Amino acid sequence: MTYIGIDLGTTNSVVATIKDGIPYVIPNSEGSRTTPSIVAYTKNQKILVGKLAKRQSVINPKNTFFSIKRFIGLRKNEIDTQLKKLPYDIIEDSNNNIKIKCPAFNTVFSPEEISAQIIRKLTDDAKLHLNEEVTKAVITIPAYFNASQRQATIDAGKIAGLEILRIINEPTAASLAYGLDKKNKTILVFDLGGGTFDVSILDVSDNVFEVLATTGDVNLGGDDFDKNLISWLIDIFNKKENLNILDYPKSLQRLTEAAEQAKIQLSTHEETEISLPFLITKPKDGGEPRHLNLTVTRKIFEKINNDLINRCKKPVEQALLDAKLDVSDLDDVVLVGGSTRIPAIKELIRSIIFEKLDESINPDESVWLNNSINPDEAVAIGAALQAGILAGDLKQMLLLDVTPLSLGVETIGEVMTKIINRNTTVPASRFKTFITSSHLQRSVEINVLQGEREFVKDNQLIGSFYLNDIPTQTEDSRAQIDITFDINENGILEVKAQEKKTKRHTAILIENTSTLDDTMIQSMVNDAEKYAEQDKEKRKLAELSTQATVYADDMEKEIELLKPTINRYDFLQIKKAIQQIRNDLPSNNFKTLKSSYDELIRLINLLKIKLKKKN
Ligand code: ADP
Ligand code: MG
């Protein structure tokens, strides 16, 4: 039995563990170290997670759910501004909770359930790789997540069948991965992912990570760089070929994938080739099939993304301002997120930092830009380290995080009275004594709030309960009520109200801020367990079907291209094998499909050997 650390990202997720005292990233069943945080439900009742879901996103937009992390633990009225751009439909239930419509399964899902599918895949892949049961996990969350978003993330883990040891802040995890917990330091974490940009400034001392400031841009990430490149490619292609590629969803899907690949290539190469033969096989103008062949240079890429690159500057300056620090106060800058691999982004960070520094300071990158770990893996490694610490495998003090927001209650005048201040180290327990406003008062309503603002209306109401049967008082006395806030290491809160004389009390656990209640979670856990085996079988078949379909499509194009150079018998045999796969697909029989897929692979390999000999 072992444990894992999960970076449940908006775009990509990563799973890591500790083996022989050393953290390492576990590759998924497709062999990649990162897994797209995408879940798709197909018409023939299959669930796809990760790369396979991503591959079919353009052609199945209503049932392909990405960026679900943007909605977890929030209510519909808290997210409206982002909804317009989504290809899938979001609705709300009678409690104002977000549900995601899934036409393929003719049902709705909560964000927790969809996130649980991602967590389940990571866990299953880890089990397979480690050849061990995996039962416990640490999951990371953005530093700015509120109590409800935190609880919802824990619920997602539970639905996936895991015991969640702890949830920790992403920048804290990344700093931990770099071993920055050992010294007293001020760290800036620059996290540019796929869809979001987070800047955090942390102060570390005595194993306590204090978040001094968090800023960012929830609508800025690597996907935007892809989009710019895609638009640029579309423009060129449409003009040259005199048709509109947007009318061909499958072609657009290939172009989308190629654009991201090209972007990644350009992080290590000055230029890259985009080659998409038969991008449009049957043009609506009745003409010849169209191909796309183009060279993209890093210079062009930087030019079309210049605005995005510059947008990264402001949040950094804002974070420093919020933390009341100057660049020279920073001991380390930690790069997190796949998009910090873009050379122009590194350059930007360098310029922000060194522009302002005394020239006598040696601009040695290793001191300032901490990038000894893959930036897209640092968070998962930190989560695994935290799990190792909690499991007692790593001899280190416990890491402590702090509350991201202040917590308190509503008092007279619609004012929020804080009971636990933000940045209090957790776990923590605080109480305050209040008096009733009139001697006749028999009951009080306790409204629990979260936020930094003075007035109730500007903060978030996260729970509400009553304390009844307060004894009546004489005219010149008032009942005294102690209100106690207990917050545990995950940032989850229990609020208790007690009348001093009678000791009568009531309490709520602010797990209820979660959009799901306990019975709902339990039934989802049961469902998930019940279907786990079935799901696994289904997934194996789904993976094989997609692989075989993609391979058959690709090979068909390839042999059409090669037709003049290969002999007719080989050509027909391969055509037949491709047709066999297509015949086998609807039967949903793993064995039959596997054997026809293997047969096509065998024939293609034979052909490759023949062609090599010929040349
Ligand atoms: P998130 O934390 O938002 O889930 P990641 O940190 O994994 O996501 O970042 C994903 C983004 O990083 C994607 O847009 C991906 O294309 C981009 N990315 C990954 N590797 C590279 C690379 N070598 N060069 C440029 N961008 C990259
Ligand atoms: Mg991330």
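The values are calculated or read from the model by the stated rules, or taken from the named source; none is laboratory data. Bear in mind the structure is a predicted one, so any value in this text is a computation, not a measurement. As a convention, Cβ positions derive from the backbone with ideal geometry for all residues, glycine included, and neighbour counts pool all protein chains shown. These accessible areas exclude ligands, DNA and RNA; they are computed on the full protein's heavy atoms, side chains included. Shrake-Rupley method; radii C 1.70, N 1.55, O 1.52, S 1.80 Å.
Could you run through the stretch 1-25 and say how many residues are within 16 Å of ligand 2 (Cβ to nearest atom) and either assigned to a strand (DSSP E or B) or over 15 Å from the mean Cα position of the chain (by Cα) (or both)? Break it down into steps so the answer makes sense when it comes.
We begin by selecting, within the stretch 1-25, every residue within 16 Å of ligand 2 (Cβ to nearest atom); these are 5-16, 25.
Next, only the ones that are either assigned to a strand (DSSP E or B) or over 15 Å from the mean Cα position of the chain (by Cα) (or both) stay: 5-8, 12-16, 25.
Of the residues in the stretch 1-25, 10 are within 16 Å of ligand 2 (Cβ to nearest atom) and either assigned to a strand (DSSP E or B) or over 15 Å from the mean Cα position of the chain (by Cα) (or both).
Checking each residue in the stretch 250-271 for being outside any loop (DSSP other than H, G, I, E, B) and either touching a Pro at 6+ places or on another chain (Cβ under 9 Å) or open to solvent by less than 50 Å² (accessible area, probe 1.4 Å) (or both) picks out Ser251, Leu252, Gln253, Leu255, Thr256, Ala258, Ala259, Glu260, Ala262, Lys263.
Pairs are defined by a Cβ separation below 8 Å, a sequence spacing of at least 6 or placement on different chains, a first member in the stretch 131-145 that is open to solvent by 70 Å² or more (accessible area, probe 1.4 Å), and a second member that is of a type in the set (Phe, Trp, Tyr) and more than 12 Å from ligand 2 (Cβ to nearest atom); the pairs so defined are Lys136/Tyr3.
Does Asn169 count as at pLDDT below 95, within 19 Å of Val402 (Cβ to Cβ), open to solvent by 10 Å² or more (accessible area, probe 1.4 Å) and not hydrophobic (A, V, I, L, M, F, W, C)? It is false that Asn169 is at pLDDT below 95, within 19 Å of Val402 (Cβ to Cβ), open to solvent by 10 Å² or more (accessible area, probe 1.4 Å) and not hydrophobic (A, V, I, L, M, F, W, C). Of all residue pairs spaced 6 or more apart or on separate chains, those with beta-carbon atoms under 9 Å, a first member in the stretch 84-97 that is under 14 Å from Lys69 (Cα atoms) and a second member that is open to solvent by less than 50 Å² (accessible area, probe 1.4 Å) are Leu86/Ser67; Ile90/Phe71; Ile90/Lys76; Ile90/Ile79; Ile90/Leu83; Ile90/Ile98; Ile90/Lys99; Ile90/Ile100.
Being closer than 22 Å to Leu176 by Cα, modelled with pLDDT of 90 or more, within 12 Å of ligand 1 (Cβ to nearest atom) and not in a loop (DSSP other than H, G, I, E, B), is that true of even one residue in the stretch 36-46? Show your work before the answer.
First, the residues of the stretch 36-46 that are closer than 22 Å to Leu176 by Cα: none.
So far as the stretch 36-46 goes, no, none of its residues is closer than 22 Å to Leu176 by Cα, modelled with pLDDT of 90 or more, within 12 Å of ligand 1 (Cβ to nearest atom) and not in a loop (DSSP other than H, G, I, E, B).
Here the condition is being assigned to a helix (DSSP H, G or I) and of a type in the set (Val, Ile, Thr); of Ile300, Ile274, it holds for Ile300 alone.
It is to be established whether one or more residues within the stretch 196-203 are more than 19 Å from the chain's Cα centre (by Cα), buried (at least 22 other Cβ atoms within 10 Å of the Cβ), closer than 21 Å to Asn488 by Cα and away from ligand 2 (no atom under 13 Å from the Cβ).
Within the stretch 196-203, the first condition is being more than 19 Å from the chain's Cα centre (by Cα), and the residues that meet it are 201-203.
Cutting the leftovers down to buried (at least 22 other Cβ atoms within 10 Å of the Cβ) gives us 201-202.
This time we only want the ones that are closer than 21 Å to Asn488 by Cα, so: 202.
In the following step, the residues that additionally are away from ligand 2 (no atom under 13 Å from the Cβ) were identified as 202.
The answer is yes; a qualifying residue exists.
Note on the stretch 326-351: residues that are more than 16 Å from ligand 2 (Cβ to nearest atom) and either out of contact with any Ser or Thr (no Cβ under 9 Å at 6 or more places or on another chain) or open to solvent by 50 Å² or more (accessible area, probe 1.4 Å) (or both) total 12.
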